[in-house]
């Protein structure tokens with residue numbers, strides 16, 4: 001409980017709190033679904049303004065689109081799938097990768113500040129839409145290459161880059 005109170009005092013929502021916000025959006029698609037767009041050039045995304053503690057993003061995924069391995073610049077996070085299915089690939093910073101974890105429609109995943117993953121729509125024919133929440137709001141993300149020795153940082157992007 002002390003950890004949750006400290007996080008709130010610092011203006012940071014916990015992974016559990018972010019998952020609850022994502023679930024609320026998953027339950028009310030009529031409020032935002034008309035914003036969703038599909039882009040054959042890359043994942044489409046739009047930020048949904050909330051408050052200073054958290055930012056929310058809508059993301060659409062055509063078949064084969066992915067994020068590549070990335071972190072969230074020290075932010076806690078959560079994401080849920082509205083429709084379709086996404087696969088989350090995890091690789092510990094030191095060690096071999098784990099198999100893909102499917103995230104199906106209605107499912108929510110949450111994670112802490114040091115989480116690195118690749119999220120992708122592995123489907124050959126189905127579109128996916130997801131909702132993502134971060135706290136504090138994203139200020140940077142580091143992208144990684146997966147090598148036989150593990151993850152290697154390749155670049156860091158600031159909030160102005162997306």
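What is the Rg over Rh value, at two decimals, for the chain, using alpha-carbon atoms and the Kirkwood definition of Rh?
The Rg/Rh ratio comes out at 0.95.
If you average 1/r over every pair of different alpha-carbon atoms in segment 114-162 and take one over that average, what Kirkwood value in Å do you get?
Across segment 114-162, the inverse of the average 1/r is 13.4 Å.
Where in segment 23-50 does the amide nitrogen come within less than 15 Å of the point 7 Å from the Cα of residue 105, taken along Cα to Cβ?
26-30, 33
Run lengths n ≥ 4 of DSSP H only: what is the helix-derived mean residue ellipticity at 222 nm for the chain, with -39500 (n - 2.57) per run over all residues, to the nearest 500?
Mean residue ellipticity, 222 nm, calculated: -3500 deg cm²/dmol.
Taking 0.36 nm per residue of sequence separation and subtracting the Cα-Cα distance, how much length would be gained by fully extending the chain between residue 152 and residue 124, in nm to one decimal?
Between residue 152 and residue 124, full extension yields 7.2 nm more.
A short reminder: the numbers here are calculations on the coordinates, not readings from a lab. No experiment lies behind these values; they were computed from the predicted model shown. Virtual Cβ from ideal backbone geometry, glycine too; neighbours counted across all protein chains shown.
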